[in-house]
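Below: one structure, written as structure tokens.
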Amino acid sequence: MKTGIFYGSTTGNTANAAQQIGALLTGARTIPVKEAVKASFEACGLLILGTSTWGLGELQDDWSDSLDSLRAADLRGKKVAIFGLGDQVGHPDSFVDAMGTLYEMAVAAGATVVGKWPTDDYDFLASAAVDGDQFLGLPLDEENQAAFTEERIAAWVEQLLAEAF
Ligand SMILES: Cc1cc2nc3c(=O)[nH]c(=O)nc-3n(C[C@H](O)[C@H](O)[C@H](O)COP(=O)(O)O)c2cc1C
């Protein structure tokens with residue numbers, strides 16, 4: 001099964017995380033989402049989608065420009081996993097909201113979402129990327145919890161290997 005890691009990043013944090021995830025998944029391709037077209041998404045059996053959150057809960061700009069391609073893609077029978085960069089102290093009311101936007105788009109395109117993650121070790125007030133006691137993907141916070149990033153990614157990739165393959 002082909003794995004594609006598609007990411008949008010403004011200051012490099014999501015790009016770094018995408019590279020770290022890619023290094024743990026043999027054969028995965030890491031692609032800036034602004035270079036992706038509909039066929040790029042449809043070529044993968046597992047799509048790992050990464051975005052930071054900007055404004056007040058907005059998708060990162062590269063994603064905003066690529067939404068039509070993702071909307072047009074037929075992802076039935078495919079798995080999608082989502083990761084998101086955010087700042088739970090600076091933006092506690094919209095923490096990693098953009099993961100929620102990608103989740104809705106993935107479900108609308110027919111995909112099965114894997115890689116949900118417990119909210120336990122985060123301190124925030126509200127997020128559009130939460131369902132019950134789980135995030136809809138993996139949140140990473142370089143501003144406040146950078147020391148956890150490497151271990152979170154390693155554990156999440158293990159989880160994906162179990163859920164998606
Ligand atoms: C103006 C501005 C607005 C932001 N808004 C949010 C937000 O609503 N929610 C959130 O979780 N993080 C927010 N952040 C934090 C970024 O998502 C965070 O710095 C992230 O690591 C950036 O990743 P990137 O370099 O890949 O774009 C904001 C940061 C800035 C500077």
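The values are calculated or read from the model by the stated rules, or taken from the named source; none is laboratory data. Since we're looking at a predicted model, the values are computed, not measured. For neighbour counting, all protein chains shown are included, and Cβ atoms are generated from backbone atoms with ideal geometry for every residue, glycine included. Please note that ligands, DNA and RNA were not included when accessible areas were found on the heavy atoms of the full protein model with its side chains. Shrake-Rupley method; radii C 1.70, N 1.55, O 1.52, S 1.80 Å.
Look at segment 64-110 and say how many of its residues are among the basic types (Lys, Arg) and in contact with a Ser or Thr (Cβ under 6 Å, 6 or more places away or on another chain).
Within segment 64-110, residues that are among the basic types (Lys, Arg) and in contact with a Ser or Thr (Cβ under 6 Å, 6 or more places away or on another chain) number 1.
Considering only residues that are open to solvent by less than 50 Å² (accessible area, probe 1.4 Å) and part of a helix (DSSP H, G or I), look in segment 102-130 and name the one that is nearest to the ligand (Cβ to nearest atom).
102
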